[in-house]
Amino acid sequence: MSLYIGLMSGTSLDGIDASIVDISPHQVRLKRSVDYPIPAALKQQILTLMNNQGGDNIELLGEVDAKLGIVFAEAAQHLLENSPYQAKDITAIGSHGQTIRHRPDSTTPFTLQIGDASRICELTGITTITDFRRRDIAAGGQGAPLVPAFHRAVFASADENRCIINIGGMANISYLPKNGHQDTAGFDTGPGNVLLDSWCYQQTGEYYDKNGSWGKSGKSSDALLQKMLQDPYFSQAPPKSTGREHFNLDWIDKKLAGNAFEARDVQASLTELTARTIIDAIDNHFADSSQLIICGGGVYNLHLKERLQQLSGQRLVCDTSAYGIDPNWVEAAAFGWLAHCCLNKIPANEPAVTGARSRVILGAIYPK
């Protein structure tokens, strides 16, 4: 048995996903998982950094980096306390960190994830691996998405072409061709939950639209949807990746441009935007996919899932639980797997996905 912990805190800031995975040469098995909360005050500080608000952000960055490292360590410890395992049983922790900036298309491309790995290692006594994205960017890639290699290892089929749809804050797709005759492909399609959650919180005070019920109660506006779809990101050719820097409340406000809409109709339109851009991306790039497999928090937005099924035609739509991994924990499991790849010097990026010049070993190691 080779056990790893994966820690994932995504764009939605809805908590830290922590999973223990058992990794063998031919299988990845999920052993235990927990969702660990991010304290409200810390979440607000993270949003301040993400939105480039306030004054001395370097001071705040250092403080939040340290605090997040402590909270990530607490998440790992809480996970172990709710499992039959101890720290000595864990080979390493793979921590994605919290993305504060992602600028792969700037003059000097960069990406920044925080959550002090030194503190995670020190507090847990477990070797910690983090900073997975920057090596891919150094190799000329987008640094994202990184999970397609994991999707291929776990969900690929010898008999059919599949697409994995990961709906977190952002949505990304992984194309898994049958028999491995082609490279794995994929990219960020655009917003997943981030606009839905941001609008819902601003308008209702709820962090998310439970089951998508509020959005379903509204009526999507064709005019608003078409205006949103004109964003250049959606027609940009892959490889591509995006983040909260691009898709946020200010983006929604610009698209509304003083027009009066019922708040729930805006939510319905944002739901349609997420569904439409995902299916359009699949139709335009991976039309021979016969099965669409969903993971991430968006799987619990029943209205969004319903629209994906309606737009997907005859394709089978299901979630990753049909293949042994609960959709909530796929990304956390992926970062445990990426830690395994790093320690074993296995390149884990997909150049066809990120645009990197070559396959490279991802991650920085903080040994116990």
Open item on the list: Relative contact order for region 1-143: what percent, with Cα pairs under 8 Å and sequence separation of 6 or more?
Closed with: 24 percent
Task: Gyration tensor (alpha-carbon) shape descriptor, region 1-138, a/c threshold 1.5 - done: prolate
- [ ] Quote the charge dipole size of region 155-323 about the Cα centre in Debye, to the nearest 20; the model charges only the Cβ of Lys and Arg (+1) and of Asp and Glu (-1).
- [x] 140 debye
Open item on the list: Using 27 Å as the Cα-Cα cut-off, could you pick out the over-long pairs in K67/K368; K31/K216; K178/K219; K31/K88; K31/K240; K43/K345?
Closed with: K31/K216; K178/K219; K31/K240; K43/K345
TODO: Give me the number: length gained by fully extending Y201 to D89, i.e. 0.36 nm times residue separation minus the C-alpha to C-alpha distance, one decimal in nm.
DONE: 36.3 nm
TODO: State the extension gain, in nm to one decimal, for the chain segment bounded by K368 and Q27, taking 0.36 nm per residue of separation less the distance between their alpha-carbons.
DONE: 120.1 nm
TODO: Along Cα→Cβ, 7 Å out, is where each label goes; now give me the distance between the ones at D222 and E59 in nm to one decimal.
DONE: 5.4 nm
Task: Percentage relative contact order, the chain, counting C-alpha pairs under 8 Å, at least six apart - done: 23 percent
Open item on the list: Explain nothing, just the number: dipole magnitude of region 43-198 about its Cα centre with +1 on each Lys and Arg Cβ and -1 on each Asp and Glu Cβ, in debye rounded to the nearest 20.
Closed with: 280 debye
Task: Residue among Q314, T242, L273 farthest towards the positive dipole end of the chain, charges placed on Cβ - done: Q314
TODO: Could you list M170, M1, M50 in order of exposure, starting from the residue whose Cβ has the fewest other Cβ atoms within 10 Å?
DONE: M1, M50, M170
Task: Entry for Rg/Rh (Cα atoms, Kirkwood Rh) (calculated from the structure that is shown) out of (i) 0.95; (ii) 1.00; (iii) 1.33 - done: (i)
TODO: Set the Förster radius R0 to 45 Å, insert the Cβ-Cβ distance between F261 and I361 as r into 1/(1 + (r/R0)^6), and round the FRET efficiency to 0.05.
DONE: 0.40
- [ ] Could you list L146, L60 in order of exposure, starting from the residue whose Cβ has the fewest other Cβ atoms within 10 Å?
- [x] L60, L146
TODO: Please state the charge dipole magnitude for the chain, taken about the Cα centre, from unit charges on C-beta atoms (+1 on K and R, -1 on D and E), reported in debye and rounded to the nearest 20.
DONE: 580 debye
Task: region 155-323: relative contact order as a whole-number percent, Cα under 8 Å and 6+ apart - done: 30 percent
Open item on the list: At 222 nm, what value in deg cm²/dmol follows for the chain if DSSP H runs of at least 4 each add -39500 (n - 2.57) and the sum is divided by all its residues, to the nearest 500?
Closed with: -11500 deg cm²/dmol
Task: Exposure proxy ranking, count of Cβ atoms within 10 Å, fewest first, for F72, F187, F234 - done: F234, F187, F72
Task: Cα centroid separation - region 251-302 against region 75-150, whole Å - done: 28 Å
Open item on the list: Starting from the 7 Å offset along Cα-to-Cβ, what nm value, one decimal, do you get for the label separation of E160 and A287?
Closed with: 2.0 nm
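Bear in mind these aren't lab numbers, they're just calculated from the coordinates by the rules spelled out. Here the structure is a predicted model, which is why all the values come from computation and not from measurement. Backbone-built Cβ (ideal geometry, glycine too); neighbour counts: all protein chains shown.
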